[in-house]
1. For the range 234-314, which fully contained strands (runs of 3 or more DSSP E) count at least 2 residues that are modelled with pLDDT of 85 or more and under 26 Å from G327 (Cα atoms)?
2. Could you check, for the range 238-249, whether at least one of its residues is closer than 17 Å to K280 by Cα, of a type in the set (G, A, S), surrounded by 15 or more Cβ atoms within 10 Å (Cβ to Cβ) and assigned by TED's automatic domain parsing to the domain that holds V343?
3. Find all pairs meeting these conditions: Cβ atoms under 8 angstrom apart; at least six residues apart or on different chains; first residue within the range 24-45 and more than 28 Å from S148 (Cα to Cα); second residue among the hydrophobic types (A, V, I, L, M, F, W, C) and surrounded by 10 or more Cβ atoms within 10 Å (Cβ to Cβ).
4. G14 - would you say it is touching a helix residue (DSSP H, G or I) at 6+ places or on another chain (Cβ under 8 Å), in a helix (DSSP H, G or I), modelled with pLDDT of 85 or more and closer than 30 Å to F180 by Cα?
5. Residues of the range 47-61 being over 46 Å from the mean Cα position of the chain (by Cα) and outside any loop (DSSP other than H, G, I, E, B), which ones?
6. List the helices (runs of 4 or more DSSP H) that sit entirely inside the range 149-224 and contain at least 1 residues that are at pLDDT 80 or above and either touching a strand residue (DSSP E or B) at 6+ places or on another chain (Cβ under 8 Å) or charged (D, E, K, R) (or both).
7. What number of residues in the range 286-311 are touching an Asp or Glu at 6+ places or on another chain (Cβ under 6 Å) and either within 23 Å of L185 (Cα to Cα) or of a type in the set (S, T, N, Q) (or both)?
8. Pick from the range 321-343 the residues that are part of a loop (DSSP other than H, G, I, E, B) and not aliphatic (A, V, I, L, M): which of them is surrounded by the most Cβ atoms within 10 Å (Cβ to Cβ)?
Amino acid sequence: MSSLQPGNTAESLGRIILSTRRAQLFSRFMWGGNMVLIAASYLMLIWPVFMPAGFTNPAVVKVAGSERYRQMTDSLRQELKAWNEGLAQSTLQRDPPPDFMLLDVPWPGLVVEMNYRAVPRSDALSTGESAPNPLRYKYDPQIRVMPSVIGLIIFVTLEIAMALFMAFLFVHKSREQADFESGVLRRFFHDDETPVPLNNPGVERLLANFHTFAVQLNRRRGGRSGIVVKDEYDVQDVLHALLKLHFKDVRAEEQTPSHAGAAARMDFLLPDEQTVIEVKMTRDGLRDGKLGEELIVDVERYRGHPGCRRLICFVYDPEQRVVNPFGLAADLARASGDMSVEVIFSPATSQA
C-alpha cells in the first residue's frame, strides 16, 4: 500500500513525536546542566568572597605578594617613618598622615579593596622631658574581598538569558497539540497488539435512531414544554450527551490538521474507536449540493488526522430536504480514498 495510508502516517508521526520528545528531554538536561555548570564555575572563581577578609584570604595573599603592592607599601612605610620622626622632633601637634586605598584584581571576577587609615599607636615617644609625648601613627588596613561588577553583570545576564531561552523553547503545549500527540502515540504503541475494530454498529444505531430520540424529547408529560432540536448546535449538544452514555472517551471540537492554509475543529472524536463523527443538520441553503461540498472538504481535512480511521458523516434531516441521499453518499465514497467514510441520515427514511 501507499506510504500515505493512515496507519503508516500514524507510525511515522509516532516515531517523529517520540524522537522530538527525547530530543527535548535531552535539551532540557543539557541547558539545565549548563546553567548549573556556569553557576558552579562562577562560585569557584569568587570563592574567597565567602572567607574572612584578612591576610589569610587567598585573594588577599595574592595581592599582598604582588610587586605593585610591595612598591606602594614600601614607599608608604618610609613616608610614615619620616612622618613619625618629624613629629617626635616637633613640639607642635600635626594632622595625621593621609589615608590611602589600594584596589587590585587577583584574578578575573574578583576585586580586593584595601583601605589604609592612619591611627595613633598605643606607645608614645620618650623625649626625656615632662611635656606630654607626641603620638606616633601606624596604618590600619580595612580589607574587602568582593566580586567585580563587570563579572557579576556578565554572570547574571548569561543565567537570565539561558533561563528565558529555556522558557521559550520548552513552553507548555496547547491542549489540542497534547491530545493530538496522545492519539498518535496510542495508535503507535497499540496498533499491532490490539487492533481497533473499524465497525461499531452501536454508533450506527444511535445515529440512525437520533430522530426518534429527538421527537420523544419534544413529547413531555403534564403539558410541559418540549425540548426542541432547532439547529445544528442543538444536534451536537444532544448527540454529545448520547455518546457519553456509550463511550468513555468522547472528545468534542478536536483540532484538525491545516487544510488549504486553514485549520478547523471536528465535531466528535472517539479515540479508542479511531472514529470521527461530523454533524450536519439540513436547513434552507444546506441541501444536496452545498451539503456535499462541505462534507467533501471535511473528508480532506480528516484524512490527515492520525486518530481518524473512520469518518461518519451524520446528517440530521428531519424535514427531508435532501433529495438524493444515495448520490451524496456515493460522491463522498469516491472522495474518501483509503479512509473509511460513511454517511448516516436520520430519519433513515430520507434514504428511501
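The values are calculated or read from the model by the stated rules, or taken from the named source; none is laboratory data. The structure presented is a predicted model; accordingly, all values stated were derived computationally and were not measured. Cβ sites come from the backbone with ideal geometry, for glycine too, and all protein chains shown count toward neighbours.
1. Working: elements: 251-255, 265-270, 275-281.
Qualifying strands (runs of 3 or more DSSP E): 265-270, 275-281.
2. Residues of the range 238-249 closer than 17 Å to K280 by Cα: 238-243.
Keeping just the survivors that are of a type in the set (G, A, S) gives 241.
Narrowing the set further to residues that are surrounded by 15 or more Cβ atoms within 10 Å (Cβ to Cβ) leaves none.
Checking the range 238-249: not a single residue is closer than 17 Å to K280 by Cα, of a type in the set (G, A, S), surrounded by 15 or more Cβ atoms within 10 Å (Cβ to Cβ) and assigned by TED's automatic domain parsing to the domain that holds V343.
3. Q24/F170; S27/L169; S27/F170; R28/M166; R28/F170
4. Values: touching a helix residue (DSSP H, G or I) at 6+ places or on another chain (Cβ under 8 Å): yes; in a helix (DSSP H, G or I): yes; modelled with pLDDT of 85 or more: no; closer than 30 Å to F180 by Cα: yes.
No; evaluated as a whole, the condition is false for this residue.
5. Applying the first criterion (over 46 Å from the mean Cα position of the chain (by Cα)) to the range 47-61 yields 54-56, 61.
Hit for the range 47-61 is V61, nothing else.
6. On the way: elements: 149-169, 175-190, 201-208, 210-217.
By residue number, 149-169, 201-208, 210-217.
7. First, pick out the residues of the range 286-311 that are touching an Asp or Glu at 6+ places or on another chain (Cβ under 6 Å): 292, 298.
Pick out the ones that are also either within 23 Å of L185 (Cα to Cα) or of a type in the set (S, T, N, Q) (or both) and you get none.
Qualifying residue count, the range 286-311: 0.
8. Restricting attention to the range 321-343, the residues satisfying the condition of being part of a loop (DSSP other than H, G, I, E, B) are 321-324, 337-339.
Next, only the ones that are not aliphatic (A, V, I, L, M) stay: 321, 324, 337-338.
Values: R321: 17, N324: 14, G337: 14, D338: 14.
My answer is R321.
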